[in-house]
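Participant: Submitted below is the structure of interest, expressed as structure tokens.
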Amino acid sequence: MPASDFSAYPLMPAATAATLGPTVVLAPHPDDESLGCGGLLALLRQAGQPVWCVLVSDGTMSHPNSRKYPAPARQQLREQELRVALTELGVPAQALFPLNLPDGAVPLPEAPTGTVAVQQLVEFLGHTQPATVLVPWRRDPHPDHRATYQLAQAALAQLTPAPRLLEYVVWAWERAAPADLPHPGETQGWQLDIEPVLAQKQRAIAAHKSQLAGSPIDDDPTGFTLAPSMLAHFARPVEVYLENAPA
């Protein structure tokens with residue numbers, strides 16, 4: 001399957017979202033929640049389901065050489081953008097739980113800081129009691145995304161019963177090597193119709209102004225911005241989700 005072609009997966013109606021129940025999304029960086037599953041989050045809120053967002057990294061490495069926005073200011077700006085994006089999706093800003101792990105170096109569960117993060121997740125999930133947890137695709141081609149998936153897996157292993165785990169796609173749309181894509185029999189995938197809330201999703205993405213053309217962080221020529229070709233994947237009226245195939 002080419003990285004950009006998940007179209008063979010069955011299309012599920014928007015009403016499917018309501019069946020997922022209370023949901024927690026783990027976002028490696030501010031904007032992953034809107035890009036990967038903003039439509040689902042908006043549909044969940046329309047259905048009256050509670051939604052919480054765990055922000056895994058501090059988001060400071062998008063513009064590491066900015067003097068206008070030193071690291072603490074970058075972190076504050078990106079977190080504020082995330083709160084605006086969540087509000088656009090109908091998620092209360094207070095439903096945000098930042099882990100403040102280092103952007104670009106999110107630890108694996110076996111690292112000391114990873115072990116601490118896993119326990120924080122266990123406590124948070126134990127408190128919120130979600131029916132579903134959303135995480136990046138396990139081999140999404142960004143190390144922070146893969147580490148986020150592993151932190152989630154380690155936390156869910158300590159919960160009984162464990163919530164349903166759904167994986168969303170961000171960088172696998174463009175950057176996945178063949179080995180990064182789902183293997184036969186490994187997962188089952190489906191597409192979700194998000195047409196009713198596509199405009200909300202686009203507003204949420206637009207809230208992450210520092211990651212788009214015309215970024216207010218304008219003094220770092222090496223800074224990251226989302227390319228139009230990348231954004232085009234998230235302007236489509238569907239989102240892709242994967243989960244473990246039944247044994």
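The values are calculated or read from the model by the stated rules, or taken from the named source; none is laboratory data. Note that the coordinates shown come from a computational prediction; the quantities given were computed from them, not determined experimentally. Cβ sites come from the backbone with ideal geometry, for glycine too, and all protein chains shown count toward neighbours. All accessible areas refer to the heavy atoms of the entire protein, side chains included, with ligands and DNA or RNA removed. Shrake-Rupley method; radii C 1.70, N 1.55, O 1.52, S 1.80 Å.
Participant: Tell me the per residue accessible area of the chain using a 1.4 Å probe; a whole number in Å² is fine.
Facilitator: I get 42 Å² per residue for the chain.
Participant: Give the shape of the range 49-101 as rounded, prolate or oblate, defined through the alpha-carbon gyration tensor: a ≥ b ≥ c are the square roots of its eigenvalues, a/c under 1.5 means rounded, and otherwise the shape is prolate if a/b is larger than b/c and oblate if not.
Facilitator: Verdict is prolate for the range 49-101.
Participant: Using only Cα atoms, what is the ratio of the radius of gyration of the chain to 2.2 N^0.38 Å?
Facilitator: 0.94
Participant: Compute the signed sum of charges (Lys and Arg +1, Asp and Glu -1) over the other residues within less than 10 Å, Cβ to Cβ, of residue 68.
Facilitator: Charge balance near residue 68 sits at -1.
Participant: Leaving out ligands, DNA and RNA, what percent of the accessible area of the chain is carbon and sulfur, probe 1.4 Å?
Facilitator: The computed percentage sits at 57.
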